[in-house]
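The values are calculated or read from the model by the stated rules, or taken from the named source; none is laboratory data. In this text, all values refer to a predicted model and were calculated from it rather than measured experimentally. FYI the Cβ positions are ideal-geometry reconstructions off the backbone, even for glycines, and counts take in every protein chain you see. When the accessible area is computed, the model is the full protein with side chains, heavy atoms only, and any ligands, DNA or RNA have been set aside. Shrake-Rupley method; radii C 1.70, N 1.55, O 1.52, S 1.80 Å.
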Amino acid sequence: MRAARRPLAALGAQSGPLAGLGGTLLLLAGLARTVGLGGAGWLVGLTAGLTLNVWLARALRRDPSARLGPAGWITLFRATLAVGVAALTAASFERDVAVATLVTLSSVALALDFVDGWVARRTATESALGAKLDGEVDAFLMLALSVEVAPSAGAWVLAIGLARYAFYAAGWVLPWMRAPLPRRDWRKTVTASQGIALVIAASGVAPSAVSRVLLALALAMLVESFGRDVWWLYRHRHERPARVAATRVRRPVETAVSTLLALAVVWAALVAPTQPWRLTPGSFVRLPLEGLVVVGLAVALPTRARRVVPWLIGPVLGALLVIKVLDLGFFIAFDRPFNPVEDWSYLTIGVGTVRDTFGSRDAALAVAAAVLIGLTALVVPTLAVGRLTRVAARHRRRSLRTVYVLTAVWALCWLLGVEVSGAGIASTSAAHLAVREVHTVRADLRDRAHFSRLTDREDPYGKTPADRLLKGLRGKDVLLVFVESYGQMAVQGTSFSPGIDDLVHAGTQQLQADGFASRSGWLTSSTFGGGSWLAHATLQAGVWVNTPSRYADVIGSKRFSLAAAFRRAGWRTVADVPATHGSWPEAKSFYHYEQVWDRDDLGYHGPGFGFSPMPDQWALQALQKLELAKRNRPPVFSEIDLTSSHEPWTRIPPLVSWNQLGDGSIFKHVAIDRAGLTDTQQGYAQSIQYALRSLYSFVEHYGNKNTVLIVLGDHQPSRVVTRPPGHEVPITIIAHDPKVISRLSGWGWTHGMLPSSTAPVWPMSDFRNNFLNAFDH
């Protein structure tokens, strides 16, 4: 009978997780049917619900005496509601948040937090499992609510939701923080205060200032509570080591697993490649010499010195791992490794881009994720090295034999040049990476000094008299049009380039029928995947601007920009920059634009399209209305930035009739192309086609005999589209007056708007001088 009762008892114990999982599915289905969840809501809801109930099932299985009493079932119901709150928060990234439903679920979950404790005390069913489950539900609910509130209150609110998890993470580094804490009812008060403040902020019933004050008070109480707990644990830290050691002895399987995980972390950190196309299983078949050195130190050094090894080598290994992650990201985005001197500025630029594209919430979460990944990359290798050195020291003789054998294998592979996936098995890649970073820093500092001396020199074109400047373009409206991410891969050598080529050929024929001619060539952009401002400065200043420091040097110098040349020669210089928002001092101090038409000035009242705040077609017509349509005006030189083809290519507007554009409100009611959500290449191709159609249609409708356009891409798209052939971008000059085109006869450019594969390739920095030489006489 006892043997028969045991399975029945186990089945009864598992009824809680099964019921919890079923309740989660029912709640998510109900939310999807009533307020809508979307893919993100379903994904987060199912993941959270499954994780919660699997954890509960494991806890019940490990402790046969544990069970869910009346209070435990109430806590499980609260957990299901918390999963619903998390699902609604995730769904709000794709659609308008169902505030009433979210606040209702949160309020019920908070109210039941008082009920389950009262029931546990009245029924004498308080248990360690119930307390643990109650704490985890509280922490998860606070995390979900803080993510929901962060966009309106600020990213600092995420500290409320992450506090408990940061406390757990600290326990991995400091074992004394894993000791059980004495009961303190104040913790419940603090948790309730957090929940109430977060629900009030999420509901929007209170003014934002009041909500922020309540959240700040809740965070202050949380800091005080955790601070008191940490102080108590620190004072009792000497009571913990014996229990930790005993626990480890009793769990040999977990000890073996943690050792293997530590080995995997160190191994991966030492041999992982820095280039995404080499990130294959074969690339990890390496024998790192640096790892053998670490194990050798652990065996050879005395105990006190050995304890220092993880804290010296671990952070260095963590820093190299961070560099490798950044290298992978920069190769994907910019086709180059991370520069430890120059590229930290891209972090703030990236946050701003995410904010402009997806909103403040995603930007705040991106910052939190980046910080979490960075801390993890720094801390985990240190813990892993500590684990390996302790194991090696405990098994000194076996470790020494292993080091000897592997060192001999490493030497043999090095002598024979044995390779897997194009790289040698005998690896010293971590040491080479560290040396490379040092050389990069030194070379970058020398380069900055050299470039500063170059920009300090007097620009010879800056002395050209006004009456000689740009004589071949007098009376013409010259439009310098940058098409975002319009690179060589758009028109050559990819599966989607034939469709774009057909559009370009059709545009060429269309404009030829209207009396326009064109010539096209190639420029090598100074940037890749992003950093458009670097390409703009390179083209206009005639020097190679490929880093933020070079950009800062150029805009602070007296280099003679194209815009400055046109202004000196009598043109009205303007910038039509729909994605620019806020201060842009170099527009006047360096480029010498008389007028900047940015996001706030163009008068658009329609929806945004990903990163692009307005469609290219509308930005072009705004320039026509604000500048080109005026009577009795001087000729206009304008930079125009077409941004609809900016990554992520998930919201592409349609081309509408020019007389229906109005104030842009029409785009609230037209179909949006979302091809890029499922097919990045198709989304990119569609966005380029839209940008070019808008431009060709603009010239057809508003172009005249005095219209001249310089149309080029700023850079290739990032590697998320496909691996590119290089940094080349197409450039085309379009004009109605044949005398303008005749001045390009010595350039060797291709007839039409599609450069041939044999057309000349210039560095983008050469364009300014060649252009001024062609039109200055």
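Observations
- Of the trypsin sites (Lys or Arg not before Pro) in the stretch 629-736, those whose Cβ has at most 12 other Cβ within 10 Å and which sit in DSSP loop: K630, R631, K705
- Principal axis dimensions, the stretch 272-328 - Cα atoms, whole angstrom, descending: 43, 22, 11
- Helix-only [θ]222 nm of the chain, DSSP H runs n ≥ 4, -39500 (n - 2.57) each, per residue, nearest 500: -20000 deg cm²/dmol
- Sulfur and carbon atoms: percent of accessible area, the stretch 480-571 [1.4 Å]: 48
- For K630, neighbours were defined as the other residues whose beta-carbon sits under 12 Å from its Cβ, and their charges (Lys and Arg +1, Asp and Glu -1) total +2.
- Where trypsin sites (Lys or Arg not before Pro) fall in DSSP loop in the stretch 529-561, at most 13 other Cβ within 10 Å: K558
- Counting all C-alpha pairs of the stretch 586-677, share separated by more than 23 Å (%): 30
- Computing FRET efficiency as 1/(1 + (r/R0)^6) for H701 and W277, where r is the C-beta to C-beta distance and R0 is 60 Å, gives about 0.85.
- Full-stretch length increase - R304, R121 - with 0.36 nm per residue and alpha-carbon distance subtracted: 60.9 nm
- Surface/4 estimate of mean projected area, convex hull on alpha-carbon atoms of the stretch 149-225, nm²: 5.4
- A convex hull fitted to the Cα coordinates of the stretch 13-62 yields 44 cubic angstrom per residue.
- For the chain, convex hull of alpha carbons as volume per residue, Å³: 210
- Extending 7 Å from the Cα toward the beta-carbon at both A629 and K463 defines two label points whose distance is 4.6 nm.
- Here the stretch 664-735 is treated as a sphere whose radius is the Kirkwood value from Cα pairs; by Stokes-Einstein at 10 °C and 1.306 mPa s it diffuses with a coefficient of 108 µm²/s.
- Full extension of the chain between V285 and A513 gives 76.0 nm of extra length, using 0.36 nm per residue less the Cα-Cα distance.
- Across all C-alpha atoms in the stretch 501-595, the radius of gyration and Dmax reach 16.3, 46 Å.
- √(5λ) per eigenvalue of the Cα gyration tensor, the stretch 275-431, largest first, Å: 35, 22, 11
- Per-atom-type breakdown for the stretch 135-238 gives carbon and sulfur 71% of the accessible area (1.4 Å probe, protein chains only).
- Rolling a 1.4 Å probe over the protein heavy atoms of the stretch 384-469, with every protein chain left in place, gives an accessible area that is 61 percent carbon and sulfur.
- Sequence-separation-based contact order of the chain, relative, with Cα cut under 8 Å and 6+ spacing, percent: 12
- Heavy atoms of the protein chains alone define the surface here; on that basis the chain has 47 Å² accessible area per residue at 1.4 Å probe size.
- Principal axis box of the stretch 192-238, alpha-carbon based, largest edge first, Å: 49, 15, 9
- For the stretch 469-520, taking Cα atoms only, Rg and Dmax work out to 14.5, 44 Å respectively.
- A crude spin-label estimate for the pair D679 and L263, with each label 7 Å from Cα along the Cβ direction, gives 4.6 nm.
- Mean projected area in nm² (Cα convex hull; one quarter of hull surface) for the stretch 562-619: 4.4
- Where only C-alpha atoms are counted, convex hull volume of the stretch 694-740 per residue in Å³: 93
- Quotient of Cα Rg and 2.2 N^0.38 Å for the stretch 397-519, N being how many residues it contains: 2.13
- Stretching the chain fully between V210 and L43 yields a gain of 56.8 nm (0.36 nm per residue, less the alpha carbon separation).
- Both numbers refer to the Cα atoms of the stretch 89-210; Rg and Dmax are 15.9, 45 Å.
- Rounded FRET efficiency, nearest 0.05, which uses the C-beta distance separating S665 from N770 and R0 of 35 Å: 0.20
- Percent of alpha-carbon pairs separated by more than 19 Å within the stretch 640-777: 61
- Virtual spin-label span in nm between V656 and L378, 7 Å along Cα→Cβ: 4.9
- Qualifying lysines (Cα of each under 22 Å from Cα of K558; at least 8 residues distant if same chain): K463, K588
- Working ranking of peptides 517-530, 747-760 by packing, defined as the average number of other Cβ atoms within 10 Å per residue, highest first, is 517-530, 747-760.
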